[in-house]
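Here is the structure we will look at, set down as structure tokens.
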Amino acid sequence: MVVLAVAWAYREFNRKPAGLGNSQPAFVLSDQQLLQSYEENEEAANKNYLGKIVQVTGKVYEVVNQGDSATTIVIGNEQAMHKVSCLLQQDAATQVNKISKNELVTLKGICTGFLMDVELNQCVIVEIK
Amino acid sequence: MKHFFYFLLAGTIVLPVAAQAQVKLFTKTGTISFHSKTPIENIYAINNKGLSVWELSSGKIEFAVLMKGFEFEKALMQEHFNENYVESDQYPKATFKGTINNSNLVLLDADKSYNLTASGLLTLHGISKEVSTTVLIVVKNGKIRSSANFSILLADYKIKIPSLVADNINKRVDISVVVNAYQHL
């Protein structure tokens, strides 16, 4: 019993942040729907989406490589001031070279809030259309 | 003739400053990381999505970062950080609003490094406190990089650490802010 408890504690202590590969999204929507709710009322949008798995579909505006394997896919309209910025989970970053500008993609990630863009973290690519 | 000379001299001094009067720089990919070190445990977290806007002539600079965007090595640390310490549902952002002194001396068209000072208000966990630090700015091949380090006391921001883990977390946390390439706004 004690051994089991120690083993559980050890595993819990060393648990890595979970990947989103098989997780179900709490919200499925378009980039425009997500942006609209943040532009209308950031506080209300945070109540809905903050910390939740959000799946968004939209057109790729740009792919930003920051080195150190940090890769971001930005989706949204070319002229729009605010976009949806999806920081990829490390193992998803290998799929990035398949993605080009204006392509329709579906990504899911954890919503961390709104700065210049709506930010999603730990994103995985669900579908490239 | 003498006056004309002065006129020329004044022109050479004023022009470079005037030329960058409107220069605003920004980034959406600033790296903000923090480190707590104790003999028992090292805790490190990083956020690569810091937003910053810097007006070169006035030196006004702002940073904003989303608390839920900090990534830890261990899931438990990340959960405790968000839920118990910085309460990121209630306070999703940290911001810095301040000034880089002598920022107008930074020339964007010459390779050079600058050691400047910055000070301003850091708002975290709903509490604003004055912080100041030195900033290293490196201009190279037209790329503008900035980096700064400073530390904060958790108690100043009313971040409470339960006594059970008090020895695992340093009361003073080191913060590093790096922008690899500011872009023109």
Among the residues of segment A:93-129, write down those that are assigned to a helix (DSSP H, G or I) and away from chain B (no Cβ under 14 Å).
A:THR94, A:GLN95, A:VAL96, A:ASN97, A:LYS98
Can you tell me which residue is modelled with the lowest pLDDT among those in segment A:64-104 that are touching a Ser or Thr at 6+ places or on another chain (Cβ under 7 Å) and β-branched (Val, Ile, Thr)?
A:VAL96
Filtering segment B:64-81 down to residues that are crowded, with 18+ Cβ neighbours inside 10 Å, in contact with a Phe, Trp or Tyr (Cβ under 8 Å, 6 or more places away or on another chain) and of a type outside the set (A, V, I, L, M) yields B:PHE70, B:PHE72, B:GLN78, B:PHE81
Pairs returned, first residue in segment B:69-87 that is within 11 Å of B:ILE159 (Cα to Cα) and more than 9 Å from chain A (Cβ to nearest Cβ), second residue that is surrounded by 18 or more Cβ atoms within 10 Å (Cβ to Cβ) and hydroxyl-bearing (Ser, Thr, Tyr), beta-carbon separation under 8 angstrom, 6 or more apart or interchain, are B:PHE81/B:SER88
Between a residue in segment A:74-98 that is closer than 19 Å to A:PRO17 by Cβ and any residue that is among the small types (Gly, Ala, Ser) and part of a loop (DSSP other than H, G, I, E, B), which pairs come within a Cβ distance under 6 Å, given they are 6 or more apart or on different chains?
A:GLN89/A:GLY19; A:GLN90/A:SER69; A:ALA93/A:SER69
Restricting to segment B:116-143, what's the tally of residues that are modelled with pLDDT under 95 and either assigned to a strand (DSSP E or B) or among the hydroxyl-bearing types (Ser, Thr, Tyr) (or both)?
1
What are the residue pairs meeting all of these: first residue in segment B:39-57, first residue within 19 Å of B:VAL179 (Cβ to Cβ), second residue of a type in the set (D, E, K, R) and in a strand (DSSP E or B), Cβ atoms under 6 Å, and 6 or more apart or on different chains?
B:ILE46/B:GLU71; B:LYS49/A:GLU119; B:LEU51/B:LYS28; B:VAL53/B:GLU62; B:GLU55/B:LYS24
Spot the failing condition for B:SER163; the list is (1) of a type in the set (Ser, Thr, Tyr); (2) exposed (fewer than 15 other Cβ atoms within 10 Å of the Cβ); (3) over 30 Å from B:ILE40 (Cα atoms), and only one is missed.
(3)
Given the condition touching a residue at least 12 places away in the same chain (Cβ under 8 Å), surrounded by fewer than 15 Cβ atoms within 10 Å (Cβ to Cβ), within 12 Å of another protein chain (Cβ to nearest Cβ) and hydroxyl-bearing (Ser, Thr, Tyr), answer yes or no: does some residue in segment A:26-48 qualify?
no
Single residue of A:GLN66, A:GLN89 found to be within 30 Å of B:ILE43 (Cα to Cα), touching a Gly at 6+ places or on another chain (Cβ under 8 Å), within 13 Å of another protein chain (Cβ to nearest Cβ) and surrounded by 11 or more Cβ atoms within 10 Å (Cβ to Cβ):
A:GLN89
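The values are calculated or read from the model by the stated rules, or taken from the named source; none is laboratory data. What you are looking at is a predicted structure, and each value in this text was computed from that prediction instead of being measured. Quick reminder, even Gly has a Cβ in these numbers, built from the backbone with ideal geometry, and neighbours come from all protein chains shown.
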